[in-house]
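See structure below.
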Amino acid sequence: MIRAEGIGAFAAAPAEVLAVSYDFSRHRRLLDLGGGVGSFLVPALRRHDGLQGTLFELPGAAAVARQLLDREPEGKRVEVVAGDFFKDPIPPGHDAIIIANVVHVFSPEHNRALFRAARAAATPQTRLLIVDMLTDSTHTQPVFAALAAGEFLVVAGEGDVYSEEELREWLLDTGWQPLEHKPLTGPTSLLVAAAKGAPAEGPPAAWPLRSHSKSTSEEPLTRPAKANPPPTGASRPGRGSRRGGRG
Ligand SMILES: C[S@@+](CC[C@H](N)C(=O)[O-])C[C@H]1O[C@@H](n2cnc3c(N)ncnc32)[C@H](O)[C@@H]1O
């Protein structure tokens, strides 16, 4: 319970910013995979009466989430589903899926598996919202995110901090079209993807996120060119070999 609430406190600021800056009014059913105690669902549902939430969590964490959600008015609109997203079916029928602070817990292989499972549960209109500390292609900026990589490895056993380019590549490989990457708070940012090959593919009709965005284009983000690798020495020593043995 204490650990769950601690993670919830860490997520509070980006969750509030996401709730006001992303246009949830276009969605009806929001699924939070590895949703913790509902830190991202509650602010989004508070601001959007028409939104229903589903929180998917491992059984122990799901029970804690249910207890805490029962204390919140928005908790009545959240169904808590206990399961393992690598083994169990992910609840279908959601037009938005959040994966927040989960990617950094897992190896690249596990993250691809998670994105693939989310795609299998997606509708043609589903947007995938990945919230995490993402770095630039050199894995050195933002500095706080780069420094957190060691902690994620130690705490989670296979965790790491990944670059936007890495996530884009995994998304493209697993049936998602990356659309936009926007800062939220501190080193935490939002990467949005659409179900690839579905009628909804393409840039969002409206993107009301704040003007501090780095991106000026609403063109879908494409796979990074393999012929243009990062400068020599930019990748972290041992990174490739550590990834190869996990997942
Ligand atoms: C770092 S926490 C993030 C929680 C929440 N998304 C947030 O940002 O506050 C990662 C969460 O993923 C959940 N998780 C890890 N492996 C999972 C699995 N195989 N299936 C479902 N949930 C999982 C954990 O229980 C944990 O609550």
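Looking only at strands (runs of 3 or more DSSP E) that lie completely in segment 62-163, which have at least 1 residues being modelled with pLDDT under 95 and not basic (Lys, Arg)? Give the derivation first.
On the way: elements: 78-82, 94-100, 122-135.
Result: 122-135.
Which residue pairs have Cβ atoms under 7 Å apart, sit 6 or more places apart or on different chains, and have a first residue in segment 99-115 that is closer than 13 Å to residue 152 by Cα and within 10 Å of the ligand (Cβ to nearest atom) and a second that is of a type in the set (Phe, Trp, Tyr) and assigned to a helix (DSSP H, G or I)?
104/152; 105/152
Residues in segment 165-179: is at least one under 20 Å from residue 126 (Cα atoms), in contact with a Leu (Cβ under 6 Å, 6 or more places away or on another chain) and hydroxyl-bearing (Ser, Thr, Tyr)?
Taking every residue of segment 165-179 in turn, none turns out to be under 20 Å from residue 126 (Cα atoms), in contact with a Leu (Cβ under 6 Å, 6 or more places away or on another chain) and hydroxyl-bearing (Ser, Thr, Tyr).
Output the residues belonging to segment 65-87 that are surrounded by 13 or more Cβ atoms within 10 Å (Cβ to Cβ) and either of a type in the set (Asp, Glu) or within 9 Å of the ligand (Cβ to nearest atom) (or both). So that I can check it myself, show each step before the final result.
Keep residues of segment 65-87 that are surrounded by 13 or more Cβ atoms within 10 Å (Cβ to Cβ), which gives 65-69, 72, 74-75, 77-83, 85.
Selection gives 65, 72, 74, 79, 82, 83, 85.
The values are calculated or read from the model by the stated rules, or taken from the named source; none is laboratory data. Computed from a predicted structure; not experimentally measured. Virtual Cβ from ideal backbone geometry, glycine too; neighbours counted across all protein chains shown.
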